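A.B. asks: First the structure, then my questions, so here it is.
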Amino acid sequence: MEYLLPDEAASARRARRLTSAFLSRSRHRMAQVEAGQIDDATLIVSELVANATRHGRSACRLRLQVSDEQVTVEVYDDNPAQPRLRPPTPDGESGRGLAIVRDLAQRFDVIPVTGGGKRVRAVLAM
């Protein structure tokens with residue numbers, strides 16, 4: 001499933017709802033998607049879409065795929081710059097998102113897209 005999300009802060013909230021609904025439907029068809037995995041995927045989507053709209057300075061695309069072995073989350077934006085993993089500070093209000101994604105995902109990668117931009121992908125094992 002693929003969704004186009006506008007360049008606005010509310011896109012992360014919309015992406016969470018879309019992800020939860022999509023994976024919940026998948027859960028009924030594929031018993032392997034557990035509630036905890038839906039929560040993890042929803043958190044990952046929220047962080048990646050928030051980063052794309054905040055730093056990508058463009059609309060973004062969210063792609064979700066479910067198979068028997070994994071849930072794949074991909075977020076595309078128009079900014080070719082690689083996301084930076086920053087060490088969190090004790091009183092900082094941001095900077096933890098990518099660390100959370102990397103901890104929850106079995107695989108995490110960032111790949112430049114031909115014509116500009118990038119794809120940020122996180123894969124969760126089932």
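A.B. asks: Restricted to Cα positions, what overall size does region 57-126 have along the principal axes? Three whole-Å values, descending.
C.D. replies: 40, 33, 16
A.B. asks: Check each of the GluC sites (Glu not before Pro) in region 1-90 and keep only those in coil by DSSP with at most 12 other C-beta atoms within 10 angstrom; list them in order. Working shown, then result.
C.D. replies: On the way: sites: GLU2, GLU8, GLU34, GLU47, GLU69, GLU74; in loops: GLU8, GLU34, GLU69.
Passing both the DSSP loop test and the Cβ count: GLU8, GLU34, GLU69.
A.B. asks: What does the charge count around ARG119 come to, taking other residues whose C-beta lies under 11 Å from its C-beta (Lys +1, Arg +1, Asp -1, Glu -1)? Show your work: numbers first, answer last.
C.D. replies: Working: positive: ARG61, ARG63, LYS118, ARG121; negative: GLU74, ASP77, ASP109.
So the environment of ARG119 carries a net charge of +1.
A.B. asks: How far apart, in nm, are two points set 7 Å out from the Cα along the Cα-to-Cβ line at HIS55 and at ILE100?
C.D. replies: Computed distance between label sites HIS55 and ILE100 equals 1.5 nm.
A.B. asks: On a 0 to 90° scale, report how tilted helix 10-29 is relative to the longest principal axis of the chain, with both axes built from alpha carbons and the result rounded to the nearest 10.
C.D. replies: The angle comes out at about 20 degrees.
A.B. asks: On a 0 to 90° scale, report how tilted helix 35-55 is relative to the longest principal axis of the chain, with both axes built from alpha carbons and the result rounded to the nearest 10.
C.D. replies: So the helix axis and the longest Cα principal axis differ by about 20 degrees.
A.B. asks: So between ILE111 and SER20, what do we pick up on full extension, going 0.36 nm a residue minus the alpha carbon distance?
C.D. replies: Numbers: separation 91, 0.36 × 91 = 32.76 nm, distance 2.52 nm.
Difference between extended and current length: 30.2 nm.
A.B. asks: Could you give the semi-axes, largest first, of the ellipsoid that matches region 2-125, computed as the square roots of 5 times the alpha carbon gyration tensor eigenvalues and rounded to whole Å? If you can, show how the numbers build up before the last one.
C.D. replies: Details: eigenvalues 102, 55, 38 Å².
Output for region 2-125: semi-axes of 23, 17, 14 Å.
A.B. asks: So what is the 222 nm mean residue ellipticity for the chain from helices alone, if each DSSP H run of at least 4 adds -39500 (n - 2.57) and you divide by all residues, rounding to the nearest 500 deg cm²/dmol?
C.D. replies: Values: 3 runs with 49 residues, N = 126.
Counting only the DSSP helices, I get -13000 deg cm²/dmol.
Throughout, read-outs are computed from the coordinates displayed, never taken from laboratory work. Worth saying up front: this structure is predicted, and the values here are computed from it rather than measured. Cβ: placed from backbone, ideal geometry, glycine included. Neighbour counts: every protein chain shown.
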